[in-house]
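> Before anything else, here's the structure in question.
The values are calculated or read from the model by the stated rules, or taken from the named source; none is laboratory data. Bear in mind that the values here come from a model prediction, so they are computed numbers and not experimental data. Using ideal geometry, Cβ is built from the backbone for each residue, glycine included, and neighbour counts are taken over all protein chains shown.
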Amino acid sequence: MTRSRFAAASRHGGLIVLAVLFALPLYLAFVVASHSAADLLRGVPIAPGARLGANLRTVFSSSVPGTPSLRTMLVNSAIMAFGIAIFKLALSVPAAYAVSFFRFPGRMLMFWIIFATLMMPIEVRFFPTYEVTADLGLLNTQTGLILPLVASATAVFLLRQFFRAFPLELADAALLDGIGPIRFLTSTVLPLARPILAAIFVLEFIYGWNQYLWPLLITSAPNKVTVVMGIKQIISAAQSFSVPQWDLVMAISLVALVPPVVLIVAMQRWFVRGLTAGID
Amino acid sequence: MFRHRLLPLLLILPELVVVGLFFIWPSMRALAEAFQESNAFGLGSRFAGLANFRSTLNHTYVQAIEVTAIFTVLTTVIAMALGLFVAVQVEQTGRARPIYRTLFTWTYAVPGAIAGALWLFLFEPRIGPGSRLLAGLGVHWNFALSGPQALGLVIGLTVWQQAAYDFVFFSAGLQGVSDRVLEAARIDGVGAVSRFWRIVMPLLGPTVVFVAVMDVLAALFQSFAVIDIVTQGGPGGSTTTLVYALYRDGFQNGDVGMAGAETLLLFVLAAILLAVQFRVLNRRAHYR
């Protein structure tokens, strides 16, 4: 009895130490964001300071000199993240519904075309995709920022997995009752699919918010910068001061990481379900 | 099953248009450019055979292949070991399990570039607390000058995020390992270590392969933000991965033909991983 209690206690101890190590970079960012830049020169304090509010007010009112306004960057990030999540659902729900509930010529071909896109992230195809996006005149536009990232079938794949387990008798019953496919989709399938739709939304929002490479290529105008890609300019601007403004960099970093991290903590069940739905 | 013919095509059309415009067309274009050579003004181009592929066989690109291989193997192995270890431990905790799940999942949601900013400060050579700690331990730390240190930093940062992803999948996989089987083995006198290697690992096999492929994909392709923030590929190319090299050759040096050839090589890599993944998913389906 005492031996197993000792084992349990050391397990908790080990896990807590690991969790603290995992959280350390975030905690230090918080400490730095709550001090003044000059305080940091003698070494980073262990406890948080009192300047978090003041630093946040500074970055929201004037940002770091020479960088775009934080409000603008946040708005751009939000447009991109919501845009990607909404477009992804709007495109993938009808597509997955079509390949799952209809028997039509070319069905499997369609599915394979979509499936082929599955594992080619934007980082693989960014160079030619950039050229095509430029040819279409979509540089520095929200469309150019969003659509190329929506062009992958992860969501179609997840939805098809869900639809495959869907009782087809319901569709046959709907046919007998004279209910058409579109009404069947909106009245029966979508309400039952709500959990998987929520999971896809969470995954895609985080995916969109966290993008770095694609916005870096597509946007050159300062009023189109997102906060995640803007962090590079912010770091180099902050380092050009005689006293590097790390307090402001960390304040902006905290603001930039709060939406996806809060979303993942609050919606963890949906997130885990969405992430693992493809394989189990 | 509905038997309409036109309606499903209409439903699928928007997805196909987007995939066609931003996936298939760019792929065709990369294929064409890989075998073309454009003149210095970018005005005309002619068939170049394998010249672009030959020019990737230079010293810096070969170095990028080596860096990518080391980076990919190390991040995958360390992140998987850490994720699996934590998942197995957390699985055996009682009521605190949901809290631990949250504590080991959140790092995955941090944007790569922001994670880069956090770690950049942590290991900033002059005032970073990590650097001071290392200096106290007698390590001469300056990742801006030392290639191995820069690579180590980028690996540590990637593991910090990827281990959380692996943890999620291993936790889900461990749910599928029956408690009754483990309990029966325990009663039969099978020790904890044997139980893990003889029962848990075989049942976890497909998850292990899946996670390994996803980690390799992430290391190969999704490390750009971290590298661009922390090291910009340096010092001396010691953290220049294949994707970073493509960015440098295509955008900073404007070599369209070489970028096309490099894109094709990335496509081949991704296709191989896709094939492995597909086999795993299929085999997994047979189990059910």
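> Can you give me the number of residues within the range A:93-119 that are over 24 Å from the mean Cα position of the chain (by Cα) and aliphatic (A, V, I, L, M)?
Number of matching residues: 6.
> Can you pull out the helices (runs of 4 or more DSSP H) entirely within the range A:206-280 that have at least 2 residues that are touching a residue at least 40 places away in the same chain (Cβ under 8 Å) and among the β-branched types (Val, Ile, Thr)?
Of the helices (runs of 4 or more DSSP H) lying wholly inside the range A:206-280, those with at least 2 residues that are touching a residue at least 40 places away in the same chain (Cβ under 8 Å) and among the β-branched types (Val, Ile, Thr) span A:227-239, A:246-266.
> Just to be sure I understand the filter: pairs with C-beta atoms under 8 Å, separated by 6 or more residues or on different chains, first member in the range B:78-95 and farther than 15 Å from residue B:204 by Cα and touching a residue at least 60 places away in the same chain (Cβ under 8 Å), second member crowded, with 18+ Cβ neighbours inside 10 Å and among the β-branched types (Val, Ile, Thr). Which pairs pass?
Pairs that qualify, where the first residue is farther than 15 Å from residue B:204 by Cα and touching a residue at least 60 places away in the same chain (Cβ under 8 Å) and the partner is crowded, with 18+ Cβ neighbours inside 10 Å and among the β-branched types (Val, Ile, Thr), are B:78/B:155; B:78/B:159; B:79/B:158; B:79/B:159; B:82/B:159.
> Look at the range B:96-125 and say how many of its residues are within 23 Å of the chain's Cα centre (by Cα), over 25 Å from residue B:228 (Cβ atoms) and free of Cβ contacts under 8 Å to residues at least 60 places away in the same chain.
Looking only at that region, the number is 2.
> Can you tell me which of (1) of a type in the set (Phe, Trp, Tyr); (2) assigned to a helix (DSSP H, G or I); (3) more than 11 Å from every other protein chain (Cβ to nearest Cβ) is the one residue B:141 doesn't meet?
Here residue B:141 clears every test but (2).
> Out of the residues in the range A:192-208 that are crowded, with 18+ Cβ neighbours inside 10 Å and over 10 Å from the mean Cα position of the chain (by Cα), which is nearest to residue A:145 (Cα to Cα)?
Filtering first and then ranking leaves A:200.
Conditions tested, residue by residue: (1) modelled with pLDDT under 80; (2) surrounded by 17 or more Cβ atoms within 10 Å (Cβ to Cβ); (3) more than 7 Å from every other protein chain (Cβ to nearest Cβ).
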{"site": "A:228", "(1), (2), (3)": "no, yes, no"}
{"site": "A:232", "(1), (2), (3)": "no, yes, no"}
{"site": "A:245", "(1), (2), (3)": "no, yes, yes"}
{"site": "A:249", "(1), (2), (3)": "no, yes, no"}
{"site": "A:271", "(1), (2), (3)": "yes, yes, yes"}
{"site": "A:276", "(1), (2), (3)": "yes, yes, no"}
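> Quick one: what pairs do we get from the range B:11-27, first residue over 26 Å from residue B:262 (Cα atoms) and facing another protein chain (nearest Cβ under 7 Å), second among the hydroxyl-bearing types (Ser, Thr, Tyr) and part of a helix (DSSP H, G or I), C-beta under 8 Å, 6+ apart or different chains?
Listed by first residue and then by second, the contacts come to B:11/A:97; B:15/A:92.
> Looking at A:16, A:114, A:86, can you tell me which residue is of a type in the set (Val, Ile, Thr) and more than 30 Å from residue A:170 (Cβ to Cβ)?
Within the list A:16, A:114, A:86, the selection yields A:16.
> So residue B:169 passes all but one of these: (1) closer than 25 Å to residue B:86 by Cα; (2) free of Cβ contacts under 8 Å to residues at least 40 places away in the same chain. Which condition number does it fail?
All conditions are met except number (2).
> Out of the range A:120-149, which residues are of a type outside the set (A, V, I, L, M, F, W, C) and over 19 Å from the mean Cα position of the chain (by Cα)? Show your work before the answer.
Quick first cut of the range A:120-149, residues of a type outside the set (A, V, I, L, M, F, W, C) only: A:121, A:123, A:125, A:128-131, A:133, A:135, A:137, A:140-144, A:148.
Hits for the range A:120-149 are A:125, A:128, A:129, A:130, A:131, A:133, A:135, A:137, A:140, A:141.
> Residue A:265 passes all but one of (1) under 21 Å from residue B:107 (Cα atoms); (2) crowded, with 22+ Cβ neighbours inside 10 Å; which number fails?
Only one criterion in (1) under 21 Å from residue B:107 (Cα atoms); (2) crowded, with 22+ Cβ neighbours inside 10 Å is unmet by residue A:265, namely (2).
> Out of curiosity, is residue A:162 aromatic (Phe, Trp, Tyr), facing chain B (nearest Cβ under 9 Å) and part of a helix (DSSP H, G or I)?
no
> Of all the residues that make up the range A:192-226, how many are within 18 Å of residue B:108 (Cα to Cα) and within 11 Å of chain B (Cβ to nearest Cβ)?
11
> A further question follows. Name the residues in the range B:206-248 that are among the small types (Gly, Ala, Ser), assigned to a helix (DSSP H, G or I) and more than 8 Å from chain A (Cβ to nearest Cβ), would you? Write out each step before concluding.
If we filter the range B:206-248 for residues that are among the small types (Gly, Ala, Ser), which is where we start, we get B:212, B:218-219, B:223, B:225, B:233-234, B:236-238, B:245.
Right, trim to assigned to a helix (DSSP H, G or I) and you get B:212, B:218-219, B:225, B:245.
Scanning the range B:206-248 gives B:212, B:218, B:219, B:245.
> Related question: Of the numbered conditions (1) away from chain B (no Cβ under 12 Å); (2) surrounded by fewer than 20 Cβ atoms within 10 Å (Cβ to Cβ); (3) not polar (S, T, N, Q), residue A:170 fails exactly one; give the number of that condition.
For residue A:170, the exception is condition (1).
> From the list A:44, A:59, A:17, A:99, exactly one residue is of a type in the set (Val, Ile, Thr) and under 17 Å from residue A:255 (Cα atoms). Which is it?
A:59
> Among the residues of the range A:102-110, is there at least one that is of a type in the set (Phe, Trp, Tyr) and modelled with pLDDT under 90?
Yes, the conditions are met somewhere in the range A:102-110.
> A follow-up question, please. Could you check residue A:49 against (1) modelled with pLDDT under 85; (2) outside any loop (DSSP other than H, G, I, E, B) and say which number it fails?
(2)
> While we're on this one: For the range A:66-135, give me every one of the helices (runs of 4 or more DSSP H) that falls completely inside it and has 1 or more residues that are surrounded by 17 or more Cβ atoms within 10 Å (Cβ to Cβ), more than 9 Å from chain B (Cβ to nearest Cβ) and of a type in the set (Gly, Ala, Ser).
Of the helices (runs of 4 or more DSSP H) lying wholly inside the range A:66-135, those with at least 1 residues that are surrounded by 17 or more Cβ atoms within 10 Å (Cβ to Cβ), more than 9 Å from chain B (Cβ to nearest Cβ) and of a type in the set (Gly, Ala, Ser) span A:70-101.
> I've got another one for you. Could you tell me how many of the residues in the range B:61-117 are more than 14 Å from chain A (Cβ to nearest Cβ) and hydroxyl-bearing (Ser, Thr, Tyr)?
The qualifying residues number 3.
> Considering only the range A:8-46, how many residues are facing another protein chain (nearest Cβ under 9 Å), part of a helix (DSSP H, G or I) and modelled with pLDDT under 85?
4
> Also, quick follow-up: It is to be established whether one or more residues within the range B:173-186 are within 22 Å of residue B:276 (Cα to Cα) and facing chain A (nearest Cβ under 10 Å).
Checked against the condition, which is being within 22 Å of residue B:276 (Cα to Cα) and facing chain A (nearest Cβ under 10 Å), the range B:173-186 yields at least one hit.
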